[in-house]
Amino acid sequence: MNEQITVIFENERLRVERIQSFWNQSPEGFWYNQADDEWVHTGDHYYIKAHERHRVAYAIDDCEWLCLFIKR
C-alpha cells in the first residue's frame, strides 16, 4: 500500500488525519483491525467501531480521506 498520512490534530481522545491513497484497494487478504473507533469521510462517510475488521474494496487513484480516530 502506498499512503501519505498527515496528522492534522491530536490529543488524548482524538486524532484527525488526512490520508492520501495512491492505490485502488487493500491487498488480497489484508484487513484493518484498529484499536480506535474511526469516522471516515471522502464524498460520503462511514463510522467504523474499534476492532471492526474492514478493508478498502475500491478507491480512485490519488484518493484523499479525512479520518477521525476516537481513542478508547
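Comparison of ILE19, ILE48, ILE70 shows that the only residue that is surrounded by 12 or more Cβ atoms within 10 Å (Cβ to Cβ) and at pLDDT below 95 is ILE19. What do you reckon, is LYS49 of a type in the set (Lys, Arg) and in contact (Cβ under 8 Å) with a residue 40 or more places away in the chain? Taking the combined requirement at face value, the residue does not satisfy it. Here are some residues: GLN34, GLN25. Which one is out of contact with any strand residue (DSSP E or B) (no Cβ under 8 Å at 6 or more places or on another chain) and among the polar types (S, T, N, Q)? Every option except GLN25 fails the conditions.
The values are calculated or read from the model by the stated rules, or taken from the named source; none is laboratory data. Worth saying up front: this structure is predicted, and the values here are computed from it rather than measured. Cβ coordinates were reconstructed from backbone atoms using ideal geometry, including for glycine residues, and neighbour counts include every protein chain displayed.
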